[in-house]
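Colleague: Supplied in structure tokens, the structure appears directly below.
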Amino acid sequence: MGKAWYEIIQDIDRRIIYLVVFLVVSIPFFLSIRAPMEVGPPAQHLFDCVENIAAYNKTAPKEKIVLIIPEWDPAVQAECKPQTRAMMEHCMKRGVKFATMSWFYPQGVELAEKVAEECEKKYKKKYGVDWVSWGYKPFSLATFLAFIKDIYTLVEKDSKDTSIREVPLMKNVDSLRDVGLVFYVSGGSGIGYYINYALPEIGFSIGTGCTAILGPEMRPYLDSRQLVGMMEGMAGAAQYEKLLEFKEGRGTRGMGSQSFAHLWIIFTIALGNVGYLVHRRRLRKAQKGE
């Protein structure tokens, strides 16, 4: 006599479960399957900040730029790379110029440059005119405070070893007061230096892209309005991509994979519990001689 259905669903080979997980994670990267996504206030406010800079630049005698700080490495690029890409996409799409630099992760600025080069080709932008990399600068509090006072005391050349004064974009940048938004992307908490030292001195807007595990730590800064907005984890990147209508974004695809994987796990847990409860009920009935 074969097994009852409730016994079969309790004895599903774990390799089958893992195979289905592999399939549901992979499929959204090859097929146009998107999970429903609601945009939260943190992502919306960050998006609006860039939109306001773009609107300001149309009539202002001097344009504001965005400073992107990519303090991340390959260990957290699943979350931080889509966030960086989304911000660069937005800036290039709206014609907002940006600079990028890193204090703690030398590879962060290199990885961000590759992302910018991908966006550059898509929007037909040009390095030095529409964006520039200030490169990696080893951090110390003294150098950071000097940087706040005068960026040119620290940034003498760009990452391509060109004199920063010769870069066309920088001809209209005299100080950090020409920065409309600092977007700090990281899996760490170095953003505190900008909030504690640069914000009172300069007064620019600060936004962040952070890993999901760091999100709760950033919430008090949002509530106090020291942060104008945030992309929290891959979900934050996906929300920002939705605002951009960037359907091929890694955040959107990643959230599709994550959502379907979670649904499958919930389904298998529920299935296993149903099988267990039915099995236990049958055993009780058998013991009572029913």
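Colleague: Being hydrophobic (A, V, I, L, M, F, W, C) and within 22 Å of the chain's Cα centre (by Cα): is that true of L31 here?
Modeller: no
Colleague: Same structure again: Mind telling me which of the residues N57, N52 ends up being under 30 Å from V173 (Cα atoms) and surrounded by fewer than 16 Cβ atoms within 10 Å (Cβ to Cβ)?
Modeller: The match here is N52.
Colleague: On to the next question. Give me the helices (runs of 4 or more DSSP H) completely within the stretch 1-112, filtered to those with at least 3 residues that are in the same structural domain as V129 (by TED's automatic domain parsing) and in contact with a His (Cβ under 9 Å, 6 or more places away or on another chain), ordered by residue number.
Modeller: In the stretch 1-112, 41-59 are the helices (runs of 4 or more DSSP H) which contain 3 or more residues that are in the same structural domain as V129 (by TED's automatic domain parsing) and in contact with a His (Cβ under 9 Å, 6 or more places away or on another chain).
Colleague: Further question: Under the condition of being surrounded by 22 or more Cβ atoms within 10 Å (Cβ to Cβ) and within 26 Å of A55 (Cβ to Cβ), which residue from the stretch 91-114 is nearest to the chain's Cα centre (by Cα)?
Modeller: For the stretch 91-114, the residue satisfying everything is A112.
Colleague: On to the next question. Please go through the stretch 186-197 and give me each residue that is modelled with pLDDT under 90 and either part of a helix (DSSP H, G or I) or under 24 Å from E117 (Cα atoms) (or both), ordered by number.
Modeller: Of everything in the stretch 186-197, just one residue is modelled with pLDDT under 90 and either part of a helix (DSSP H, G or I) or under 24 Å from E117 (Cα atoms) (or both), namely G187.
Colleague: Sticking with this structure for a sec: Could you check, for the stretch 67-83, whether at least one of its residues is among the charged types (D, E, K, R), crowded, with 22+ Cβ neighbours inside 10 Å and more than 18 Å from G215 (Cα to Cα)?
Modeller: no
Colleague: Please list, ordered by residue number, the helices (runs of 4 or more DSSP H) wholly in the stretch 198-290 having 2 or more residues that are within 20 Å of M92 (Cα to Cα) and touching a residue at least 60 places away in the same chain (Cβ under 8 Å).
Modeller: Once the helices (runs of 4 or more DSSP H) in the stretch 198-290 are filtered for at least 2 residues that are within 20 Å of M92 (Cα to Cα) and touching a residue at least 60 places away in the same chain (Cβ under 8 Å), what remains is 233-244, 250-287.
Colleague: For the list (1) among the basic types (K, R); (2) surrounded by 13 or more Cβ atoms within 10 Å (Cβ to Cβ); (3) at pLDDT 95 or above, I need the number of the one condition that K137 fails.
Modeller: So the condition that K137 fails would be (3).
Colleague: I would also like to ask the following. Consider S26 carefully, then state whether it is surrounded by fewer than 24 Cβ atoms within 10 Å (Cβ to Cβ), at negative phi and among the polar types (S, T, N, Q).
Modeller: It is true that S26 is surrounded by fewer than 24 Cβ atoms within 10 Å (Cβ to Cβ), at negative phi and among the polar types (S, T, N, Q).
Colleague: What do you reckon, is K122 assigned by TED's automatic domain parsing to the domain that holds L169, under 20 Å from the mean Cα position of the chain (by Cα), touching a residue at least 60 places away in the same chain (Cβ under 8 Å) and not in a strand (DSSP E or B)?
Modeller: For K122, the condition - assigned by TED's automatic domain parsing to the domain that holds L169, under 20 Å from the mean Cα position of the chain (by Cα), touching a residue at least 60 places away in the same chain (Cβ under 8 Å) and not in a strand (DSSP E or B) - is not met.
Colleague: What do you reckon, is F183 buried (at least 19 other Cβ atoms within 10 Å of the Cβ) and either part of a helix (DSSP H, G or I) or hydrophobic (A, V, I, L, M, F, W, C) (or both)?
Modeller: Considered against the rule, which asks whether it is buried (at least 19 other Cβ atoms within 10 Å of the Cβ) and either part of a helix (DSSP H, G or I) or hydrophobic (A, V, I, L, M, F, W, C) (or both), F183 comes out as yes.
Colleague: For the stretch 157-175, what are the residues that are assigned to a loop (DSSP other than H, G, I, E, B) and surrounded by 12 or more Cβ atoms within 10 Å (Cβ to Cβ)?
Modeller: D158, S159, K160, T162, V167, V173, D174, S175
Colleague: Consider D178 against the criteria (1) surrounded by 12 or more Cβ atoms within 10 Å (Cβ to Cβ); (2) under 17 Å from T84 (Cβ atoms); (3) of a type outside the set (A, V, I, L, M, F, W, C): it satisfies all of them except one. Which criterion is unmet?
Modeller: (2)
The values are calculated or read from the model by the stated rules, or taken from the named source; none is laboratory data. Note that the structure is predicted; figures quoted are calculated from it, not measured. Every residue, glycine among them, receives a Cβ derived from its backbone with ideal geometry; neighbour counts consider all protein chains shown.
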